[in-house]
C-alpha cells in the first residue's frame, strides 16, 4: 500500500491506515490544502472536478466536493470524464482551478487528485511546493454557514471538447470521413470507452469497442503497453480493421495498432503526430528525457529544432512554451498540441493520426516503417528502505563519467554513442524507472542489464 505526495498532486491506494494510504482523512486534508492555496492566490472560487471510472471514484469525488463546499467554492462536477476534458473545461468555465480524480495507468486499487491551475494546466513545481507546505502546516480555515459553496453538474463538456478537436485547423474531418476508417477501441472499462468512440463517430469512422463497460473493473492492466493489449491486437487482425486505439483510464495516453494487429509502439504515437504537424506547421518539438530519439531525428529531418525536458507533463509544457514548440508530449503516448491546449490529450492525438492517414493515403504500418527505428526497454527497481536512491544515482553518474554524456536535470541520463539509459525516481509509483533505447534489441538489453546491475 502507498501514499505519494508530490508537487503535481496526491496519489495512493484506497483503504488501510491514514497517512500511509489515500484514506478519507488524507483526501479531505489534501483537498483542503489545495482549496486554501487557490484562495491565497486570489483565484475565482470555482473548481471543476471530473473522474475516471475506477471503483473508488464516486467516494473520492464526494469527499472532495464536500471539502470544497466547506471552503466556499462553487463546484462544477463533470462526473465521468477525461483528464484533457477537465483541463479544457477550467478556462472555458472561467474556473479558478480543477481536480481530476484518477490514478491514470495505476491498477484499480489506486486513485489520485491531479491538481490544475486557472489555465487548466498542472500546477508548477513552485506552486506545488507551496501547497505541500500548507498541507504540512494544516492550518486551514473554512467558510461560515452563510458562505458555504454551491454544487452543480455539467455533462456538456465532452461535446465541447470534441467540437474543439473537430475545429482544429489540422484535423481534416472531410478526408477522414471519405476514407471510412474501421477502428477498434480498447476502452479499458473507463472513460475512453465512451469518449474516444464519440469522437471517432463524429469523424465518420466505423467503431468497435472492446472492454466498453464503464465500471472501473479493468479487464487488463490499464497501462497501454503491448503485453496488456493482446486482445486488441488480435481483434484488429481478425476484423481487418484499419487501426486499433488504446488509452489509459483517464484518456491522456494513446497507443496505436496497425493493420493486421501490428504493434506501433507508444513511443511512436508522438512521432506520428509530429510528422503530420511538421508537414503543415514547421517549428520546434519537445519530449521528455525518457522518450525516443526518433522524435529528435524526425524533427531534424524537417530542419527544425528538438528540445528535451524533464519527465512530467508540467515540465514538457514549460519547455514547449519557452521554445515555441508546435507539438510536444511524452513517449508514453501523451500528445500535447498547443493549438488546442497545453495538456496530454488522446482525442486530438487520434484525430491528427487519422488526418495523417487520410491525407497521406498510407496505412499505419507504412507510416511507422518510414520513421527512424529504435528499440526501447522499460525496466524498474522497487524502492526499499535500504535503497539509497540518491547515493546510487551519484555512483552511476561518477562511474560512467567520460564514457557517456550525462544529464542530471531529472535523475541521471547516460547518452552513449549507441544508445541511452535514463534512471529516475517515479512520481507515480514507489519505484525507480530504468528506461533505455538503442538501434537494436541486443544493444539495449545489454546496456540496461549493465547499468541496472551497477545501480542495484
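The values are calculated or read from the model by the stated rules, or taken from the named source; none is laboratory data. None of the values given here were measured: they were computed from a predicted structure. As a convention, Cβ positions derive from the backbone with ideal geometry for all residues, glycine included, and neighbour counts pool all protein chains shown.
Looking only at the range 193-229, filter to residues that are in contact with a helix residue (DSSP H, G or I) (Cβ under 9 Å, 6 or more places away or on another chain) and over 29 Å from residue 163 (Cα atoms); which one of those is surrounded by the most Cβ atoms within 10 Å (Cβ to Cβ)?
220
When you scan the range 392-411, how many residues do you find that are farther than 26 Å from residue 287 by Cβ and outside any helix (DSSP H, G or I)?
1
For the range 294-314, enumerate the residues that are modelled with pLDDT of 95 or more and in a helix (DSSP H, G or I).
Correct list: 294, 295, 296, 297, 298, 299, 300, 301.
Before we move on, is residue 321 outside the structural domain of residue 199 (by TED's automatic domain parsing) and in contact (Cβ under 8 Å) with a residue 12 or more places away in the chain?
No.
In the list 443, 437, 429, which residue meets the criterion of being surrounded by 16 or more Cβ atoms within 10 Å (Cβ to Cβ) and part of a loop (DSSP other than H, G, I, E, B)?
None of the other options fit; the residue is 429.
Say whether the condition of being assigned to a helix (DSSP H, G or I), outside the structural domain of residue 295 (by TED's automatic domain parsing), touching a helix residue (DSSP H, G or I) at 6+ places or on another chain (Cβ under 7 Å) and surrounded by 13 or more Cβ atoms within 10 Å (Cβ to Cβ) is met by at least one residue in the range 382-389.
Looking for residues that are assigned to a helix (DSSP H, G or I), outside the structural domain of residue 295 (by TED's automatic domain parsing), touching a helix residue (DSSP H, G or I) at 6+ places or on another chain (Cβ under 7 Å) and surrounded by 13 or more Cβ atoms within 10 Å (Cβ to Cβ), one finds none in the range 382-389, hence no.
Any idea how many residues of the range 192-212 are assigned to a loop (DSSP other than H, G, I, E, B) and under 17 Å from residue 250 (Cβ atoms)?
2
Checking the conditions here, which among 84, 107, 91 is out of contact with any strand residue (DSSP E or B) (no Cβ under 6 Å at 6 or more places or on another chain), buried (at least 22 other Cβ atoms within 10 Å of the Cβ) and under 24 Å from residue 343 (Cβ atoms)?
84
What about residue 128, is it farther than 30 Å from residue 278 by Cα, crowded, with 21+ Cβ neighbours inside 10 Å and touching a residue at least 12 places away in the same chain (Cβ under 8 Å)?
Criteria not met by residue 128.
State yes or no: is residue 77 crowded, with 23+ Cβ neighbours inside 10 Å and in contact with a helix residue (DSSP H, G or I) (Cβ under 9 Å, 6 or more places away or on another chain)?
no
A quick yes/no check of all residues on (1) buried (at least 23 other Cβ atoms within 10 Å of the Cβ); (2) under 21 Å from the mean Cα position of the chain (by Cα); (3) without any contact (Cβ under 8 Å) to a residue 40 or more places away in the chain; (4) part of a strand (DSSP E or B):
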residue: 232; (1), (2), (3), (4): yes, yes, no, no
residue: 237; (1), (2), (3), (4): no, no, yes, no
residue: 241; (1), (2), (3), (4): yes, no, no, no
residue: 251; (1), (2), (3), (4): yes, yes, no, no
residue: 268; (1), (2), (3), (4): yes, yes, no, no
residue: 273; (1), (2), (3), (4): yes, yes, no, no
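Only one of these is in contact with a strand residue (DSSP E or B) (Cβ under 8 Å, 6 or more places away or on another chain) and without any contact (Cβ under 8 Å) to a residue 40 or more places away in the chain: 187, 204, 192, 180. Name it.
Of 187, 204, 192, 180, the one residue that is in contact with a strand residue (DSSP E or B) (Cβ under 8 Å, 6 or more places away or on another chain) and without any contact (Cβ under 8 Å) to a residue 40 or more places away in the chain is 180.
Got a number for residues in the range 321-352 being surrounded by fewer than 23 Cβ atoms within 10 Å (Cβ to Cβ) and either part of a helix (DSSP H, G or I) or at pLDDT below 95 (or both)?
Qualifying residue count for the region: 3.
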